Amino acid sequence: MSFNVDERGYYGNFGGAFIPEMLYPNVEELRSRYLDIIAEPSFQEEFHALLKDYVGRPTPLFKADRLSAKYNTNIYLKREDLCHTGAHKINNTIGQILVAKRLGKSKIVAETGAGQHGVATATVCALMGMECIVYMGAIDIERQAPNVARMRMLGAQVMPATSGSKTLKDATNEAMRHWINHPVDTHYIIGSVVGPHPYPDMVARFQAVISEEIRFQLQEKEGRDYPDYVIACVGGGSNAAGAFYHFLDEPRTALIAAEAAGLGVNSGHSAATTFLGKPGVLHGSKSLSMQTEDGQVIEPYSISAGLDYPGIGPMHAHLFESGRATFYGVTDEEALVAAVECSQLEGIIPALETAHALAVFERLQAKPNEIVVVNVSGRGDKDLATYQNRLKLND
Amino acid sequence: MTKMNRISALFASATEPILNVYTTAGYPHLEDTMTVLNALQAGGVDIIEVGMPYSDPVADGETIQLSNQAALEQGMSVAHLFEQLKDMRKSITVPVLLMGYINPVLQYGVEAFCAKCAEVGVDGLILPDLPMVEYEASYREIFEKYGLFNILLITPQTNDERIRHIDSVSKGFIYMVSSASTTGAKTGISADQEVYFSRIAAMNLQNPRLIGFGISDHDSFVKASKNASGAIIGSAFVKMIAQAKDLSAEIVAFVQSIKGKN
Ligand SMILES: Cc1ncc(COP(=O)(O)O)c(C=O)c1O
């Protein structure tokens, strides 16, 4: 079975490009050119130079001894939290802005939920001197004020999405509408492995640097280039796609995805798409999404704004359906406990999104001789207000 | 299919520009759908396009988005729409299209949806996020089995080769989007747009064309109709019914004013 995209833009039953005709020329231009552009030696050179000198790659693979001792196995942390701007998101925005330049585009539009992708996009736009518009749900603008300020400091225009539920899915709709209204000079930098083909594949390729590094780093440290488990959290699924990418066809590596179960999978306040979703079309691709019987998209809930999305990318829907990856639902409470544990055992404050991935050790029951790699997708600075509030740190 | 589709019959016999009006089902009030349809027909509309409300209508601008949201909040659904349209053909003789997004259709079940359309007397579908390749691969056979025309869009950015392909797959008419935009984003017809309209007119396509997006009054309707068989009005109509005090009378007056008959 193949876990990569086929020539029709599908992963098994999921994927495709369900877009209105108004977007067809843009998406088709991207589809017909992205592989050639990425393969150009000048692109590879520029991409890798920026990842090294600007983002700070390779990010360390850190052996977490105290966590390992607690769970009686060998736990490694892949430190994407040390990337410039504090999360893996910038691997993708660097790649896409280099593609946009080669397509002759002068303006960038993006969507953002927590603001991490918005900040990563505003950052590369500043770096490349491109105009940047970021759509953000009006509600998210209020609850993620520091990232709004960072985007503005970087020169981006932050546009409130006031339609629908005023959160990430609506910001994505608005970014798509903006692209429809500005088809010639603008490139849309999607922030996860979602959207119409070729976005899921393109974003996965840019994030694949994560698993490429894990391979050689494990080879150095453990004398073998694969772990027994790779764990990552899944919002849309970009950090997981990057952490899984080079192990998709490695049967000795189990792929573990942590979804946000909010107040509990069946509480009515959850974002655990593989548990609650049905096949359908959202934001341009066929995948699993949370929806009513009538096919209306349901607004999800999670303590973590980056996992608060009603769908997952088509690659993950395929990994789920085929059984290649195992999906766990992690509640707000479990994530908070894991965040404290990682902070106090390893001195690393993780992002709330990442905390969901750190919460599955107990359930994993890895053996003492096995190797577990967790992708630490981001750092917890942006979540301090939530941590202060929920953990009563100031009392 | 022995019976001629109402859309084909209309285009074959029309002597004046065709007016297609879009309305959101379940709007302004949940049970207004049939009132709106009957008034549109009484006013002299030639085709009625009934929008199936969706939570995430990416091709639509603010006016239609808000009407979709309001209709959903009032309890509108695909199943309820079919209930409302159950006896539609007792009064409505003009062609009726359903417009909407593919996800609710997938949840209803494509075949069940098409069967229900045929049963209540729907003539065609406009599903902007169902692209032509997907239509040809997985939907065309089912739509045709139930005699439903799939109306495809072209835009100023669609190249000639693709327009020819769309023309070969289309039945009924081609929906010509007047500018690169979402619905209701722009109003009026510019000189550039007229160049685009006449370029397409000169292609001698096998299907007739209706022009939509940005048509809001008699003037833009007449301008658009010079280079096509007629035009489509959506946002301007939805805006009007949002504020109408006497819904039926104002709809009749609106349609007549667009057609220049009052
Ligand atoms: C730190 C971090 N991890 C994970 C995510 C979730 O996105 P994805 O599933 O695409 O990796 C986000 C999104 O904002 C994030 O900021």
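The values are calculated or read from the model by the stated rules, or taken from the named source; none is laboratory data. Note that this is a predicted model, so its numbers are computed, not measured. Positions of Cβ are generated from backbone atoms using ideal geometry, with glycine treated the same way; all protein chains shown enter the neighbour counts. All accessible areas refer to the heavy atoms of the entire protein, side chains included, with ligands and DNA or RNA removed. Shrake-Rupley method; radii C 1.70, N 1.55, O 1.52, S 1.80 Å.
From the set of residues in the range B:37-54 that are surrounded by fewer than 18 Cβ atoms within 10 Å (Cβ to Cβ) and under 17 Å from the mean Cα position of the chain (by Cα), which is farthest from the other protein chains (Cβ to nearest Cβ)? The extreme case among them is B:Gly44.
Count of the range A:282-297 residues, restricted to those that are within 30 Å of A:Asp381 (Cβ to Cβ) and within 14 Å of the ligand (Cβ to nearest atom), is 1. Within the range B:169-181, the residues that satisfy the criterion of being assigned to a loop (DSSP other than H, G, I, E, B), open to solvent by less than 10 Å² (accessible area, probe 1.4 Å) and under 20 Å from B:Ile215 (Cα atoms) are B:Phe173, B:Ser178, B:Ser181.
In this entry, A:Glu293 passes the filter for residues that are farther than 21 Å from A:Gly237 by Cβ, part of a loop (DSSP other than H, G, I, E, B) and open to solvent by 10 Å² or more (accessible area, probe 1.4 Å).
Considering B:Ala39, B:Ala25, B:Ala14, the condition of being at pLDDT 95 or above and touching a Pro at 6+ places or on another chain (Cβ under 7 Å) is satisfied by B:Ala25 alone.
Filtering the range B:1-36 down to residues that are aliphatic (A, V, I, L, M), part of a loop (DSSP other than H, G, I, E, B) and surrounded by fewer than 16 Cβ atoms within 10 Å (Cβ to Cβ), which residue is farthest from the chain's Cα centre (by Cα)? Only one residue fits best here, namely B:Met1.
Yes or no, residue by residue, for (1) within 16 Å of the ligand (Cβ to nearest atom); (2) surrounded by 16 or more Cβ atoms within 10 Å (Cβ to Cβ):
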| residue | (1), (2) |
| --- | --- |
| A:Gln217 | no, yes |
| A:Arg224 | no, no |
| A:Ala243 | yes, yes |
| A:Phe247 | no, yes |
| A:Leu255 | yes, yes |
| A:Ala260 | yes, yes |
| A:Gly264 | no, no |
| A:Ser267 | no, no |
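How about the range A:74-87: which of its residues are outside any strand (DSSP E or B) and open to solvent by 10 Å² or more (accessible area, probe 1.4 Å)? Those that are outside any strand (DSSP E or B) and open to solvent by 10 Å² or more (accessible area, probe 1.4 Å): A:Leu82, A:His84, A:Thr85.
Restricting the first member to the range A:342-371 and to residues that are within 14 Å of chain B (Cβ to nearest Cβ), and the second to residues that are away from the ligand (no atom under 12 Å from the Cβ) and open to solvent by 40 Å² or more (accessible area, probe 1.4 Å), no beta-carbon pair is closer than 8 Å while six or more apart or on different chains.
Out of A:Pro310, A:Pro279, A:Pro314, A:Pro300, which single residue is closer than 26 Å to A:Glu111 by Cα and away from the ligand (no atom under 16 Å from the Cβ)?
Numbers: A:Pro310 fails: away from the ligand (no atom under 16 Å from the Cβ); A:Pro314 fails: away from the ligand (no atom under 16 Å from the Cβ); A:Pro300 fails: away from the ligand (no atom under 16 Å from the Cβ).
Going through A:Pro310, A:Pro279, A:Pro314, A:Pro300 in turn, just one is closer than 26 Å to A:Glu111 by Cα and away from the ligand (no atom under 16 Å from the Cβ): A:Pro279.
Any chance the range A:24-40 includes a residue that's part of a helix (DSSP H, G or I) and in contact with a Gly (Cβ under 7 Å, 6 or more places away or on another chain)? The answer is no, given that none of the residues of the range A:24-40 is part of a helix (DSSP H, G or I) and in contact with a Gly (Cβ under 7 Å, 6 or more places away or on another chain). The single condition from (1) in a helix (DSSP H, G or I); (2) farther than 29 Å from A:Arg33 by Cβ that A:Arg224 fails is (1). All of (1) open to solvent by 40 Å² or more (accessible area, probe 1.4 Å); (2) farther than 16 Å from A:His197 by Cβ hold for A:Glu28 with one exception: (2). Selection of the range A:244-281 for residues being within 30 Å of A:Arg224 (Cβ to Cβ), in a loop (DSSP other than H, G, I, E, B) and in contact (Cβ under 8 Å) with a residue 40 or more places away in the chain yields A:Leu248, A:Asp249. Among the residues that make up the range A:359-369, is at least one of them among the basic types (Lys, Arg) and at positive phi? No, the range A:359-369 contains no residue that is among the basic types (Lys, Arg) and at positive phi. Read through the list (1) within 16 Å of the ligand (Cβ to nearest atom); (2) open to solvent by 20 Å² or more (accessible area, probe 1.4 Å); (3) within 14 Å of chain B (Cβ to nearest Cβ), then give the number of the only condition that A:His178 fails. Result: A:His178 passes all but (1). Looking at A:Thr274, is it open to solvent by less than 20 Å² (accessible area, probe 1.4 Å) and more than 16 Å from the ligand (Cβ to nearest atom)? No: the conditions fail for A:Thr274. For the range A:109-124, a residue qualifies if it is more than 14 Å from every other protein chain (Cβ to nearest Cβ) and either within 11 Å of the ligand (Cβ to nearest atom) or within 11 Å of A:Gln144 (Cβ to Cβ) (or both), and the qualifying residues are A:Thr112, A:Gly113, A:Ala114, A:Gly115, A:Gln116, A:His117, A:Gly118, A:Val119, A:Ala120.
Within the range A:5-22, track down each residue that is more than 9 Å from chain B (Cβ to nearest Cβ) and over 16 Å from A:Val281 (Cα atoms).
Within the range A:5-22, A:Val5, A:Asp6, A:Glu7 meet the criteria.
Meeting the requirement of 1 or more residues that are closer than 17 Å to A:Val203 by Cβ and open to solvent by 10 Å² or more (accessible area, probe 1.4 Å), the strands (runs of 3 or more DSSP E) wholly within the range A:91-174 are A:107-112.
What do you reckon, is B:Pro57 modelled with pLDDT of 95 or more, under 9 Å from B:Gly26 (Cβ atoms) and either at the interface with chain A (Cβ under 8 Å from one of its Cβ atoms) or not in a helix (DSSP H, G or I) (or both)? No: the conditions fail for B:Pro57.
Going through the range A:226-236 one residue at a time, which ones are buried (at least 24 other Cβ atoms within 10 Å of the Cβ) and more than 16 Å from the ligand (Cβ to nearest atom)? Spell out how you get there, then give the answer.
Of all residues in the range A:226-236, those buried (at least 24 other Cβ atoms within 10 Å of the Cβ) come to A:227, A:230-236.
Matches in the range A:226-236: A:Pro227 only.
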